[in-house]
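Just below is one structure, and these are the notes that go with it.
Quick note: the coordinates plus some simple rules give every number you see, no bench work behind them. None of these values were measured; they are calculated from a predicted model. Cβ atoms come from the backbone with ideal geometry, glycine included; neighbour counts cover every protein chain shown.
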Amino acid sequence: MSPDNTGEQQAGRFRKGRSGNPAGRPLGTRNATTMAAEALLEGEAEKLTRKCIELAMDGDSTALRLCLERIYPARRDRAAPFALRPIHSARDAAEAQSDLADAVSSGIITPAEAGEISRILANAAKAYEIAEMAERTQLGQLTDTELLRVIAMGENGADIAKQVSGLLTGPR
């Protein structure tokens, strides 16, 4: 059935950008199944933990894995072993990009880690460039709110606007 044949259904109940349940689930509401499971286990957590540890010590590989996952959970990210120079201007960010390339070529950090740090540096550089431009040009005549609105229109605008907001409200 083509959209042309659906008539009212196309213009019907659901409007683009509108939730079918604008009130949503009330804050703090918990799943009934979760609350039932917690009620059943209440007061038994210590005994269950002890039993799991005993099974792990007796060689049960599943219990051992469970215990180890709780002691040493899988890390999603790690701190990059790379000392990033302080960034106080767009030039500092550009120079830090060079340091970043050196760190990758030396094997200190992985290319993926460098990519993440590079995005942070690019945002910092853009934020400083905009802040510097605001001081030197006609944007300096705008209020901070108006300047943030101009910034927010561009790519990565919301992130950059937050960074610039900190620069504008900080000491000059």
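Between A94 and A23, the modelled label-to-label distance comes to 5.7 nm, taking each label 7 Å out from Cα in the direction of the beta carbon.
Peptide packing for 47-56, 75-84, 113-122 was compared via the average number of neighbouring C-beta atoms within 10 Å per residue; ordered from the highest value, the list is 113-122, 47-56, 75-84. Judged by the mean number of other Cβ atoms found within 10 Å, the most tightly packed of the peptides 95-101, 24-30 leads the ranking 95-101, 24-30.
Here the mean projected area of the convex hull built on the C-alpha positions of the range 65-109 is 4.6 nm². At 7 Å along Cα-to-Cβ for each site, give me the label-to-label distance between E44 and L64 in nm. Here the answer is 2.7 nm between the modelled labels.
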